[in-house]
1. Return the residues of the range 1-50 that are among the small types (Gly, Ala, Ser) and open to solvent by 60 Å² or more (accessible area, probe 1.4 Å); say none if nothing qualifies.
2. Testing ARG100 on (1) open to solvent by 90 Å² or more (accessible area, probe 1.4 Å); (2) at pLDDT below 95; (3) within 17 Å of the chain's Cα centre (by Cα), one condition comes back false. Which one is that?
3. In this structure, is GLU15 within 14 Å of MET61 (Cα to Cα) and out of contact with any Pro (no Cβ under 7 Å at 6 or more places or on another chain)?
4. Report yes if some residue within the range 51-73 is under 15 Å from the mean Cα position of the chain (by Cα), loosely packed, with under 12 Cβ neighbours inside 10 Å and among the acidic types (Asp, Glu); otherwise report no.
5. So which helices (runs of 4 or more DSSP H) are wholly in the range 1-84 and hold at least 1 residues that are β-branched (Val, Ile, Thr), at pLDDT 95 or above and out of contact with any Cys (no Cβ under 8 Å at 6 or more places or on another chain)?
Amino acid sequence: MSRLYVGRLPRDVRERDLERLFKGYGQIRDICLRPGFGFIEFREKRDAEDVMHDFNNREFMGERLLIEPARMDRRRERDGRDGRDGRDGRDGRRDDRDGRRDDRDG
């Protein structure tokens, strides 16, 4: 869990605002902003945990932040995938019906 959901963000917040807010909490790998919410990923899990503890429910630019662990991509949750490309690591093709390697082609 190094990726956090940040809710209740002001609509005019910018990446640099979040970078300044979380400065000193470790290296930020990625920030993805949407109107009213966003995601921030830290390099280290401990840094994300510290931010969640120190900033959840804290006032920022006139809004009270909601910070919690980001959920797995809903599409992956729904179809049971774990985000890997489905290959078996040996350049073998997979059988799309059950995920097993298809050796019929040699």
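The values are calculated or read from the model by the stated rules, or taken from the named source; none is laboratory data. Model, not experiment: these values are computed from the prediction. With ideal geometry, Cβ positions are generated from the backbone for all residues, glycine too; neighbour counts draw on all protein chains shown. SASA here: full protein model, heavy atoms, side chains in, ligands and nucleic acids out. Shrake-Rupley method; radii C 1.70, N 1.55, O 1.52, S 1.80 Å.
1. GLY24
2. Answer for ARG100: the failing condition is (3).
3. It is true that GLU15 is within 14 Å of MET61 (Cα to Cα) and out of contact with any Pro (no Cβ under 7 Å at 6 or more places or on another chain).
4. Yes, that holds for at least one residue.
5. 45-55
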